[in-house]
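Below is one structure, written out as structure tokens; the observations come after it.
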Amino acid sequence: MLVILAFIIIFHIVSTALLFISTIDNAWWVGDGFSADLWRVCTNSTNCTEINDLTEVFEGYSVMQAVQATMILSTILSCISFLIFLLQLFRLKQGERFVMTATIQLMSCLCVIIAASIYTDRRQDLHQQNIGLYYLLQEGSYGYSFILAWVASAFTFISGLMYMILRKRK
């Protein structure tokens, strides 16, 4: 039982770390000498423009805010579910399931899927509507932060299922 518990804790920490990295790091859209994420667009390592600074000029900013908000929410929910798991570990009666932890972790998964789906669907429109900001970024590809967001969605889903199945034992 101790080995399973350690595995679940490590798995949850890894999924939360993936959420933090994918939310914070500047690699959702990358190419030769440029990168873009949820927060800024960099044409080289020193010339970065914050997307927040351009709210009057940036077309479709509400789409980026939706992606930002759902990624932040998913990270917060994952952290909260880990704390609730630790509390339930000491408070639950023997034989009960970690339903609250599982529910919050699955909500975190849903938020990541929503954020990555919105970005996938609207990325081209955002780049074309804001050609002044994204002029170098037309020829690029999805970066590792974007891929980590999708991997984190799978990890949080599996973690949520594990919590749903897990019963507290001695």
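Remarks
- Over the stretch 1-54: Rg over Rh, Cα atoms, Kirkwood Rh: 1.27
- FRET efficiency, 1/(1 + (r/R0)^6) with R0 41 Å, evaluated for THR120 and GLU96 via beta carbons: 0.60
- Evaluating 6.51 cos²θ - 1.76 cosθ + 1.60 at θ = phi - 60° for every residue in the stretch 23-30, the Karplus couplings come out as 6, 8, 6, 9, 8, 7, 9, 10 Hz, glycine and proline recorded as x.
- Put a dot 7 Å past the Cα of ASN44, heading toward its Cβ, do the same for ALA154, and the two dots end up 3.8 nm apart.
- Ordering TRP28, TRP39 by accessible surface, largest first, gives TRP39, TRP28; the 1.4 Å probe counts only protein heavy atoms, with every chain in place.
- With the Kirkwood sum run over all distinct C-alpha pairs, the stretch 62-124 has a hydrodynamic radius of 12.7 Å.
- For q = 0.13, 0.15, 0.20 Å⁻¹, Debye-computed log10 I/I(0) when each Cα of the chain counts as one equal scatterer: -0.65, -0.78, -1.16
- In the complete set of protein chains, residue-level accessible area for ILE9 is approximately 40 Å², probe 1.4 angstrom.
- Compared with the dominant principal axis of the Cα atoms in the chain, helix 144-165 is inclined by about 20°.
- Angle between the chain longest axis and helix 61-91 axis [Cα atoms, degrees, rounded to 10]: 20
- Measuring nothing but protein heavy atoms, the accessible surface of the chain at 1.4 Å probe radius is 67 percent carbon and sulfur.
- Per-residue surface analysis assigns THR43 an accessible area of about 30 Å², computed on protein heavy atoms at 1.4 Å probe radius.
- Largest to smallest accessible area among ARG123, ARG97 [probe 1.4 Å]: ARG97, ARG123
- By the rule of a second cysteine Cβ within less than 4.7 angstrom, the chain holds isolated cysteines at CYS79, CYS109, CYS111.
The values are calculated or read from the model by the stated rules, or taken from the named source; none is laboratory data. Values in this document were obtained by computation on a predicted structure and should not be read as measured data. In this analysis, Cβ positions are derived from the backbone assuming ideal geometry, glycine residues included, and neighbour counts consider all displayed protein chains. Just the protein is used for accessible areas: all its heavy atoms, side chains included, with ligands, DNA and RNA removed. Shrake-Rupley method; radii C 1.70, N 1.55, O 1.52, S 1.80 Å.
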